[in-house]
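Notes to accompany the following structure.
The values are calculated or read from the model by the stated rules, or taken from the named source; none is laboratory data. Remember, it's a predicted structure, so these values are computed and weren't measured experimentally. A quick note on method: Cβ atoms are made from the backbone with ideal geometry, for glycine too, and the neighbour counts reach across all protein chains shown. In case anyone asks, the SASA skips ligands and DNA or RNA and just uses the protein heavy atoms, side chains included. Shrake-Rupley method; radii C 1.70, N 1.55, O 1.52, S 1.80 Å.
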Amino acid sequence: MRESTSAVAEPVGAVKTRSSSAIFVVTALGAFMASLDLSIVNVAFPALERSFPHDSRAALAWVITGYSIVFGSLLVTAGRSADRIGRRRVFFAGLAVFSVGSALCGLAPSVSLLVAGRLIQGCGAAAMLPASLGLLLGAFPTERRSQIVAMWGGVGALAVATGPSLGAALISAGGWRWAFYVNLPVGALAWLLGRRVLTDSKSDEVRARPDYLGVVLVSTALGALVLAISEGPSWGWSSGRVVVCLLASVILGAGFLYRSAHHLEPVLDLTLFSARSFSVANAATLLYAMGFFAMLLGNILFLTSVWHYTILRAGLAVTPGPLVVAAVSGPAGRLAARVGFRRVLLAGTACFAGGLVWYATRIGLHPSYVSRWLPATLITGLGIGLTFPVLSAAAVSSLHPERFAVGSAVNQTARQVGGAFGVALLVVILGNPHSPLAALDDFRHLWWYAACMAALSGLACTLLRPGRARVPVAAMSNEVVATSHAGVSTVSST
């Protein structure tokens, strides 16, 4: 009997490997959902405009900016909360909240409820992603973490790369609501599998309660500023409502900075900015994101409104750019480790600005995809691949390894805040043209604006110290590669 039992018993190592693989699948599903949602919503925007013709573009833009503000504001605090109360608990809470938000978006009969659903989604994503990364790192030995986290980040990159085409196919087949419904079966699969394989973990370090009031202050301050920018043309820049929003943004922002300077677990650790590379890289990220996110949405709107592409055709038309980004990001990090961050970032911002100038000077009223649009898409994709991942690495390069995670989270917050500002400015620049020629002029102004933001970002990057990177990019892969998709690693002892 003993021999029979021994013969069929499964090795402990095999069981652990199978469990670890299942944990990777669960956490990767969370990363895939959140990353896919970022690109699908841009593709869905023209369909939203047709479904809600009586709502302004400024109101619809909150579908994108609201998510960015909430996600960026909560990211650091959510990661610290997962450390404090348990990563499994926070992961499932985030997954449930994200799924509920997705369902509300899909069912929304009005723009206000759609925006509410997006705000809920942002809360869920901010809770789910850092907790999922903490669970993933805890499931693998130290020597495998770089490889596993790179694979996990690659899932997010795959979602971003395939988002335009997949989103366009879903929307063309079933309408824009399926851009949100698609999250439900993925979320259900992650929930069912996760309940079986995930075990709770938390940090052994005793921490103070995170600054939740600070989250409210910074979210409201950013929301008031974005509202003032996006509604300025319709309300009047000197109107009482715009002035009140600007004053509220300044007052609430000052209160947020005060709490960040005095709270034990602040949303924004101001001491990080004493490092020159951290301050410069985050300023460059903010400027770059202001142009990048405006271009991302603007290109879809141009293809559908000026060239009159279908949503499916537009989604396929912009797909080569994200594919180039996914292909270039890894080699860009290795190149930065050899020649230094500054050289790679200057090349990346120059490529991105050059592609935007190509859009502004070569694109006309009549469709010409292969000879005019495609080259610009490939050039901007090259620029983005050389820039965003390297900015994330540059931001933490001078920090102590124990601060890589929170430093990377702040960098991703700068990216989300810049994106919110960029989309708000897109609404102002595009306006409400009354002819195709006027619309073309507005889009050219948008591309020139984005090119200027890329140039300003490159100018900021000149302040980085020249020479080789002080810390190899590969050595920071646990935190930096992952946080380029998730925001914050909740395990610092990697």
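Scan segment 296-333 for residues that are open to solvent by less than 20 Å² (accessible area, probe 1.4 Å), assigned to a helix (DSSP H, G or I) and out of contact with any Ser or Thr (no Cβ under 7 Å at 6 or more places or on another chain) and the total you get is 10. Restricting Ala254, Ala159, Ala169 to those that are exposed (fewer than 14 other Cβ atoms within 10 Å of the Cβ) and out of contact with any Lys or Arg (no Cβ under 6 Å at 6 or more places or on another chain) reduces the list to Ala254. For segment 390-405, the criterion of a residue being within 30 Å of Leu227 (Cβ to Cβ), of a type outside the set (A, V, I, L, M) and not in a helix (DSSP H, G or I) is satisfied by no position. Residue count for segment 82-114, restricted to those that are small (Gly, Ala, Ser) and open to solvent by 10 Å² or more (accessible area, probe 1.4 Å): 6. Among the residues of segment 48-70, write down those that are within 22 Å of Ser165 (Cα to Cα) and either open to solvent by 10 Å² or more (accessible area, probe 1.4 Å) or charged (D, E, K, R) (or both). Answer for segment 48-70, where residues must be within 22 Å of Ser165 (Cα to Cα) and either open to solvent by 10 Å² or more (accessible area, probe 1.4 Å) or charged (D, E, K, R) (or both): Glu49, Arg50, Ser51, Ile64. Taking the conditions exactly as written (open to solvent by less than 20 Å² (accessible area, probe 1.4 Å), aliphatic (A, V, I, L, M) and out of contact with any helix residue (DSSP H, G or I) (no Cβ under 6 Å at 6 or more places or on another chain)), does Leu264 satisfy them or not? Judged against the criteria, Leu264 is not a match.
Remark: pairs (first residue in segment 116-139, free of Cβ contacts under 8 Å to residues at least 40 places away in the same chain; second residue crowded, with 24+ Cβ neighbours inside 10 Å; Cβ separation under 6 Å; 6+ apart in sequence or on different chains) = Ile120/Gly101; Gly124/Gly94; Gly124/Phe98; Gly124/Gly101. So for segment 202-218 (the condition being open to solvent by less than 50 Å² (accessible area, probe 1.4 Å) and under 19 Å from the mean Cα position of the chain (by Cα)), does at least one residue qualify? Yes, segment 202-218 contains at least one residue that is open to solvent by less than 50 Å² (accessible area, probe 1.4 Å) and under 19 Å from the mean Cα position of the chain (by Cα). A search for C-beta distances below 9 Å between a residue of segment 148-159 that is more than 10 Å from Ala31 (Cα to Cα) and any residue that is outside any helix (DSSP H, G or I) and open to solvent by 30 Å² or more (accessible area, probe 1.4 Å), counting only pairs 6+ apart in sequence or on different chains, returns Val149/Thr494. With respect to the conditions (1) open to solvent by less than 10 Å² (accessible area, probe 1.4 Å); (2) under 23 Å from Ser19 (Cα atoms), Leu75 lacks only one, and its number is (2). Scanning segment 230-247 for residues being at pLDDT 95 or above and within 26 Å of the chain's Cα centre (by Cα) gives a total of 2. Taking the condition outside any loop (DSSP other than H, G, I, E, B), of a type in the set (A, V, I, L, M, F, W, C), out of contact with any Leu (no Cβ under 9 Å at 6 or more places or on another chain) and at pLDDT below 90, does Ala157 pass? For Ala157, the condition - outside any loop (DSSP other than H, G, I, E, B), of a type in the set (A, V, I, L, M, F, W, C), out of contact with any Leu (no Cβ under 9 Å at 6 or more places or on another chain) and at pLDDT below 90 - is met.
For Phe278, the criteria (1) in contact (Cβ under 8 Å) with a residue 24 or more places away in the chain; (2) open to solvent by 20 Å² or more (accessible area, probe 1.4 Å); (3) within 18 Å of Ala393 (Cα to Cα) hold in every case but one, which is (2).
With a cut-off of at least 2 residues that are farther than 24 Å from Ile300 by Cα, name the helices (runs of 4 or more DSSP H) lying wholly within segment 164-238. Hits in segment 164-238: 183-197, 212-235. For segment 119-143, filtering for residues that are open to solvent by 10 Å² or more (accessible area, probe 1.4 Å) and either under 17 Å from Arg80 (Cα atoms) or aliphatic (A, V, I, L, M) (or both) leaves 7. Before we move on, is Pro375 under 25 Å from Pro331 (Cβ atoms) and modelled with pLDDT under 95? No; evaluated as a whole, the condition is false for this residue.
Checking the stated criteria, Gly354 turns out to be assigned to a helix (DSSP H, G or I) and more than 22 Å from Gly407 (Cα to Cα).
Looking across segment 1-33 at every residue that is of a type in the set (A, V, I, L, M) and at pLDDT 80 or above, the one that is most open to solvent (accessible area, probe 1.4 Å) is identified as Val25.
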